[in-house]
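Heads up, the thing below is written out as structure tokens.
The values are calculated or read from the model by the stated rules, or taken from the named source; none is laboratory data. Nothing here was measured: the structure is a model prediction, and the numbers come from that model. Reconstructed Cβ throughout: ideal geometry from the backbone, glycine too, with neighbour counts over all protein chains shown. These area figures cover heavy atoms from the full protein model, side chains too; ligands, DNA and RNA do not enter into them. Shrake-Rupley method; radii C 1.70, N 1.55, O 1.52, S 1.80 Å.
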Amino acid sequence: MVETVDKPLAFQTKNLTKVYGEGNAAVHALRGVDLQIPSGEIVVLLGASGSGKSTLLNIVGGLDRATDGEVYFQDQCLSDLSNDKLTLYRRDHVGFVFQFYNLMPSLTAYENVELVTEIADNPMEPQTALSLVGLADRADHFPAQLSGGEQQRVAIARAIAKQPTVLFCDEPTGALDSKTGRVILKVLKDVNERLGATIMIVTHAASTAAMADRVIHFADGRIREIVKNENKLSPEEIEW
Ligand code: ADP
Ligand code: MG
């Protein structure tokens, strides 16, 4: 389904295709995805396990490359970029948040965030990023001293400290209970409002869709439907 959007685009894809492996072992993870994501929106990508959600996120986020088709960040075609240029795109514009936090266990919360701010172009102070996720007073704690929800907030602080244009979240609440998941969604909404970052959240938890500007229903490597959400709920109002 091709939908035309009138606002400036954060990114778009044209006939995006991804095949893993070859011959009899080939897995068609993306089967021609045409997508337009307006700048500044919260977009939720919903679909069953194995439908290609992570594959799409990783290609748009510059972690992987498509087999065919194109992906654009603003006006820049990522498919044409050298590996070095793709790395710069990730470094300067992209934040990632994963299901299992991926923090360095031997570094404090502050140091985990600092890893990113040391190489970023225009970073905020690590302490500012930790304050934005409500963890200013836990800066000196190691991941093992933090709950799952707190670790995910550190991971979000790390992702936003570079002031990314786009924030990609792959199952960010997948390992958390509903109460903690709600806190995480609230933090993501704050990031969207305060930093103006475009946020794309991949999840199989349909309830998350209630807080999105736009919901993409994904099935078997294809977009099945895109729904604009006219009645956005706050994370506090979402029923789990
Ligand atoms: P989702 O995130 O929706 O669960 P994925 O994008 O992870 O789906 O996977 C889509 C399909 O591609 C699945 O069939 C999965 O097994 C396959 N796949 C994902 N990554 C790889 C890979 N690196 N090599 C081979 N197959 C893969
Ligand atoms: Mg996935």
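For the range 1-53, the set of residues classified as in a strand (DSSP E or B) and acidic (Asp, Glu) consists of 34 only.
Specify which of the listed residues (173, 203) is within 16 Å of ligand 1 (Cβ to nearest atom) and farther than 17 Å from residue 41 by Cα. Can you show your working first?
Values: 203 fails: farther than 17 Å from residue 41 by Cα.
Just a single option satisfies the conditions, and that option is 173.
Results for (1) in contact (Cβ under 8 Å) with a residue 60 or more places away in the chain; (2) surrounded by fewer than 19 Cβ atoms within 10 Å (Cβ to Cβ), shown as yes or no for each residue.
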residue: 152; (1), (2): no, no
residue: 165; (1), (2): yes, no
residue: 184; (1), (2): no, no
residue: 192; (1), (2): yes, yes
residue: 199; (1), (2): yes, no
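The sole residue among 47, 62 that is more than 15 Å from residue 30 (Cβ to Cβ), touching a helix residue (DSSP H, G or I) at 6+ places or on another chain (Cβ under 6 Å) and either within 16 Å of ligand 2 (Cβ to nearest atom) or open to solvent by less than 20 Å² (accessible area, probe 1.4 Å) (or both) is 62.
Scan the range 73-119 for residues that are at negative phi, of a type outside the set (S, T, N, Q) and in a loop (DSSP other than H, G, I, E, B) and the total you get is 10.
For (1) over 26 Å from residue 108 (Cα atoms); (2) assigned to a helix (DSSP H, G or I), each residue gets a yes or a no:
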position	(1), (2)
159	no, yes
193	yes, yes
202	yes, no
225	yes, no
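Given the residues 157, 205, 139, which is the only one that is touching a residue at least 12 places away in the same chain (Cβ under 8 Å), farther than 19 Å from residue 103 by Cα and buried (at least 17 other Cβ atoms within 10 Å of the Cβ)?
Values: 157 fails: farther than 19 Å from residue 103 by Cα; 139 fails: farther than 19 Å from residue 103 by Cα.
Within the list 157, 205, 139, the selection yields 205.
Looking only at residues in the range 167-182 that are assigned to a helix (DSSP H, G or I) and under 18 Å from residue 200 (Cα atoms), the one that is least open to solvent (accessible area, probe 1.4 Å) is 181.
Against the test of being modelled with pLDDT of 95 or more and open to solvent by 60 Å² or more (accessible area, probe 1.4 Å), the options 125, 236 yield a single qualifying residue, 125. Output the residues belonging to the range 120-152 that are assigned to a loop (DSSP other than H, G, I, E, B), under 24 Å from residue 193 (Cβ atoms) and within 22 Å of the chain's Cα centre (by Cα). Within the range 120-152, 120, 121, 122, 123, 124, 125, 133, 134, 135 qualify.
Residue count for the range 204-223 under the criterion of being over 25 Å from residue 17 (Cβ atoms) and either polar (S, T, N, Q) or part of a loop (DSSP other than H, G, I, E, B) (or both): the result is 5.
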